[in-house]
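Some notes on the structure that comes next.
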Amino acid sequence: MSFDHAQPRETLVSVSGLSVHFPIYAGLIRRQVGTVRAVDGVTFDVARGETLGLVGESGCGKSTTGRAILRLVEATSGKILMAGQDIASLGAEPLRRMRPRMQMIFQDPHASLNPRMTVGSIIAEPLTEHGTLRGRARQRRVEELLDAVGLNPDFANRYPHEFSGGQRQRIGIARALALDPDFIVCDEPIAALDVSIQAQVVNLLEELQERLGLTYLFISHDLSMVRHIADRVAVMYLGKIIELATRDALYDAPKHPYTQALLSAVPIPNPRVEATRRHIILKGDVPSPANPPSGCRFRTRCPIAEARCAAEEPAWRKLEDGRHVACHFAT
Amino acid sequence: MNSAPVLEVDGLKTVFGTRALAIHAVNDVSFSLREGELLGVVGESGSGKSVTMMSLLRLLPSPPARIEAGRVMFEGQDLVQLDDAGLRRVRGRGIGFVFQDPMTSLNPVFTVGFQLMEPLRTHLGLDRKAARKRAAELLALVGIPSPEARLDDYPHQFSGGMRQRVMIAIALACDPKVLIADEPTTALDVTIQAQILELVKDLRRKLGMAVVWITHDLGVVAGIADRVIVMYAGQVVERAEVEALYENPTHPYTRALMETLPGVDGARGQRLRTIAGQPPILTAPPAACPFAARCAHVHDRCREANPPLFEVVPGHAAACWLASPESGARNVL
């Protein structure tokens with residue numbers, strides 16, 4: 001929230017040409033018969049202290065992008081620069097030393113906490129693995145972290161099953177904060193929570209960002225929540241970023257036909273608005289990333305597609321207002 | 001639109017009993033569904049919206065589920081008292097049901113055509129050929145391309161949105177009077193959700209059935225519902241026409257819920273409003289207002305007795321002491 005667009009900021013994470021391809025094996029001798037192009041050449045920067053929202057529908061590669069940046073999956077090609085170091089090509093030990101600076105908050109708070117460990121040991125684990133804190137000092141740090149995420153420090157000896165979904169997500173956040181990271185990938189952190197609990201978690205993330213100067217990559221399919229939390233927003237479709245703009249520019253005047261359709265598909269909780277609003281209904285389903293359409297990947301569902309879209313892949317262009325779009329017709 | 005109710009639920013109570021404790025999932029729920037209308041049922045997980053609808057058709061396994069009280073009137077019969085054979089005639093024929101998850105609610109080992117023809121043959125007594133013809137018509141009705149050929153495909157050959165269309169086609173197969181849809185778009189992406197919502201609007205124009213639409217998404221309800229009931233802790237806490245509900249939400253829970261929602265349009269707040277705390281766990285029938293612990297307007301009476309639904313204006317009722325005629329605090333709300 002404290003992000004100021006007028007002042008140019010230092011770039012913290014710079015991703016260029018990132019691709020993640022998964023091989024498909026079939027047959028008796030498990031020969032490779034194809035490739036799923038989950039992420040196919042994405043380029044973006046994240047400035048220190050900002051929140052970049054990454055939105056798209058299921059299967060578009062947004063989570064894989066987030067995981068590749070932290071090297072939880074290996075990138076097929078591309079560069080991921082963080083504070084000048086290329087994470088994509090780092091060896092095991094230097095990568096381990098970089099880990100404390102970049103952390104992740106996972107989607108499912110029921111699956112991402114070990115049910116056999118106490119909350120205290122879950123949060124202490126990164127401290128044990130990387131830190132120099134021991135004994136009483138480490139315990140104090142755990143209590144401090146629990147307090148920071150709004151949980152009672154006395155809960156350290158309890159097990160994850162004793163907590164509700166929202167509280168478990170707070171534990172996951174405390175674990176991500178343990179090593180004082182600069183950069184946190186939030187992978188759908190609120191998707192598994194009820195609306196009244198979602199707001200609590202989002203407010204916590206914002207407070208922590210203000211207090212600790214965190215940088216977020218906020219991955220979500222919830223366009224209204226991203227509008228609330230993000231400074232800039234990137235929209236993904238079938239492994240590519242198709243539009244990247246500041247929040248207000250994107251939501252007020254989307255340029256790519258997919259972004260337009262996506263925004264018009266979000267129901268607005270107001271019956272009068274809904275009754276008169278024009279929805280752009282896309283035809284059909286998202287094509288398979290194993291066999292994406294030629295040219296522009298959106299052309300099979302695009303309401304304004306022409307012959308040119310099948311022949312020629314649209315360039316990643318910068319428009320006058322500073323946003324980036326990959327569409328032949330966007331102006 | 002005719003106002004005669006096709007389905008009337010009165011004082012329904014469902015309890016899940018285990019050896020150790022009982023969970024009172026549905027507490028005295030009453031509502032009616034008029035001919036041709038779309039009733040939205042809104043609530044968070046655990047508010048009892050699905051359990052209520054499953055109880056109507058006695059779809060819950062018993063034990064542990066037990067319907068303790070209430071009547072469900074449909075076509076002059078009380079579904080709670082009906083025997084198994086009678087229930088079978090209602091399920092699928094009089095009342096169609098669409099489940100939340102299109103991935104798990106179709107049988108993976110039978111073709112889509114087989115699953116579509118099953119209700120047609122048992123309920124309507126069609127022969128194989130006639131049932132197949134009707135099944136293809138149904139697939140065409142829900143917008144599946146080349147329906148004739150797709151009858152022989154298995155569920156895994158369809159995408160999520162297409163599977164939900166198949167589910168809707170099955171539910172509509174015997175031309176039911178009432179369609180109950182339990183979070184039919186929750187598992188789908190927004191652009192696919194928009195397709196399904198458009199389909200349902202279109203089908204209502206063509207077929208004119210009454211629909212109960214369960215969802216936790218206040219945006220979806222705003223776009224399709226005629227009337228809405230809001231559920232919390234197994235109770236109906238507010239009931240209103242859709243426009244009245246959004247313009248003048250009366251129960252503190254409904255208002256809090258609407259304030260926590262960020263939108264894709266309009267002004268953007270600095271911080272989201274939140275509802276502190278958690279919904280209660282209902283190990284006993286509620287003796288006090290279940291929202292009292294999280295409510296901003298709580299007073300002594302809320303902790304002493306559970307408020308019934310008070311009608312604020314005709315057609316708009318809220319279960320809150322502040323909405324009671326003698327409270328004099330209505331203008332506060």
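The values are calculated or read from the model by the stated rules, or taken from the named source; none is laboratory data. Note that the structure is a prediction, hence the values are computed from the model and not measured. Note: ideal-geometry Cβ built from the backbone for every residue, glycine included; neighbour counts use all protein chains shown.
Six or more apart or on different chains, Cβ atoms under 7 Å: show the pairs whose first residue is in region A:210-235 and within 14 Å of chain B (Cβ to nearest Cβ) and whose second is in a helix (DSSP H, G or I) and aromatic (F, W, Y).
Filtered contacts from region A:210-235: A:R227/A:Y251; A:V235/A:Y258.
Of all residues in region B:49-87 being hydrophobic (A, V, I, L, M, F, W, C), more than 19 Å from the chain's Cα centre (by Cα) and within 24 Å of B:H123 (Cβ to Cβ), which is surrounded by the most Cβ atoms within 10 Å (Cβ to Cβ)?
Among those residues, the one meeting the criterion is B:L82.
Name the single residue, out of those in region A:236-264 being facing chain B (nearest Cβ under 8 Å) and either farther than 18 Å from A:C327 by Cβ or under 20 Å from the mean Cα position of the chain (by Cα) (or both), that is surrounded by the most Cβ atoms within 10 Å (Cβ to Cβ).
A:L262
Among the residues of region B:265-287, count how many are surrounded by 14 or more Cβ atoms within 10 Å (Cβ to Cβ), among the hydrophobic types (A, V, I, L, M, F, W, C) and over 25 Å from the mean Cα position of the chain (by Cα).
Total meeting the criteria: 1.
Can you name the residue in region A:162-179 that is touching a residue at least 40 places away in the same chain (Cβ under 8 Å) and assigned to a loop (DSSP other than H, G, I, E, B) and, of all such residues, is farthest from the other protein chains (Cβ to nearest Cβ)?
Out of the qualifying residues, it is A:L179.
Where in region B:232-328 are the helices (runs of 4 or more DSSP H), entirely inside, with at least 1 residues that are aromatic (F, W, Y)?
Output list reads B:242-247, B:252-260.
Would you say A:D321 is free of Cβ contacts under 8 Å to residues at least 24 places away in the same chain, among the charged types (D, E, K, R) and either surrounded by fewer than 16 Cβ atoms within 10 Å (Cβ to Cβ) or within 8 Å of chain B (Cβ to nearest Cβ) (or both)?
No: the conditions fail for A:D321.
Checking A:D108 against (1) surrounded by fewer than 20 Cβ atoms within 10 Å (Cβ to Cβ); (2) within 14 Å of chain B (Cβ to nearest Cβ), which test does it fail?
Of (1) surrounded by fewer than 20 Cβ atoms within 10 Å (Cβ to Cβ); (2) within 14 Å of chain B (Cβ to nearest Cβ), only one is false for A:D108: (2).
Can you name every residue in region A:183-192 that is surrounded by fewer than 23 Cβ atoms within 10 Å (Cβ to Cβ) and more than 11 Å from A:F106 (Cβ to Cβ)?
A:F183
Taking into account only those residues within region B:196-231 that are more than 12 Å from the chain's Cα centre (by Cα) and assigned to a loop (DSSP other than H, G, I, E, B), which is nearest to the other protein chains (Cβ to nearest Cβ)?
My answer is B:D226.
Identify, please: which residue in region B:39-60 is touching a helix residue (DSSP H, G or I) at 6+ places or on another chain (Cβ under 6 Å) and at pLDDT 90 or above and is, among those, nearest to B:K206 (Cα to Cα)?
Selected residue: B:G40.
Which helices (runs of 4 or more DSSP H) does region B:78-167 wholly contain that include 2 or more residues that are out of contact with any strand residue (DSSP E or B) (no Cβ under 9 Å at 6 or more places or on another chain) and among the basic types (K, R)?
The helices (runs of 4 or more DSSP H) meeting that bar are B:84-90, B:128-141.
Table: residues versus (1) within 14 Å of chain A (Cβ to nearest Cβ); (2) closer than 26 Å to A:D222 by Cα; (3) in contact with a Leu (Cβ under 9 Å, 6 or more places away or on another chain).
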residue: B:G125; (1), (2), (3): no, no, no
residue: B:A135; (1), (2), (3): no, no, yes
residue: B:L141; (1), (2), (3): no, no, yes
residue: B:P155; (1), (2), (3): no, no, yes
residue: B:I170; (1), (2), (3): no, no, yes
residue: B:A194; (1), (2), (3): yes, yes, yes
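Working carefully through the options A:P271, A:P267, find the one that is at the interface with chain B (Cβ under 7 Å from one of its Cβ atoms), free of Cβ contacts under 8 Å to residues at least 12 places away in the same chain and either within 23 Å of the chain's Cα centre (by Cα) or on the phi > 0 side of the Ramachandran plot (or both).
Just a single option satisfies the conditions, and that option is A:P267.
On the given criteria, is A:A38 surrounded by 15 or more Cβ atoms within 10 Å (Cβ to Cβ) and on the phi > 0 side of the Ramachandran plot?
No, not satisfied.
Can you tell me which residue in region B:61-77 is nearest to B:L21 (Cα to Cα), limited to those that are assigned to a loop (DSSP other than H, G, I, E, B) and touching a strand residue (DSSP E or B) at 6+ places or on another chain (Cβ under 7 Å)?
Among those that are assigned to a loop (DSSP other than H, G, I, E, B) and touching a strand residue (DSSP E or B) at 6+ places or on another chain (Cβ under 7 Å), it is B:P64.
Condition (residue is within 11 Å of another protein chain (Cβ to nearest Cβ) and under 19 Å from B:V264 (Cβ atoms)) applied to region A:281-299: is it met by at least one residue?
For region A:281-299, residues within 11 Å of another protein chain (Cβ to nearest Cβ) and under 19 Å from B:V264 (Cβ atoms): present.
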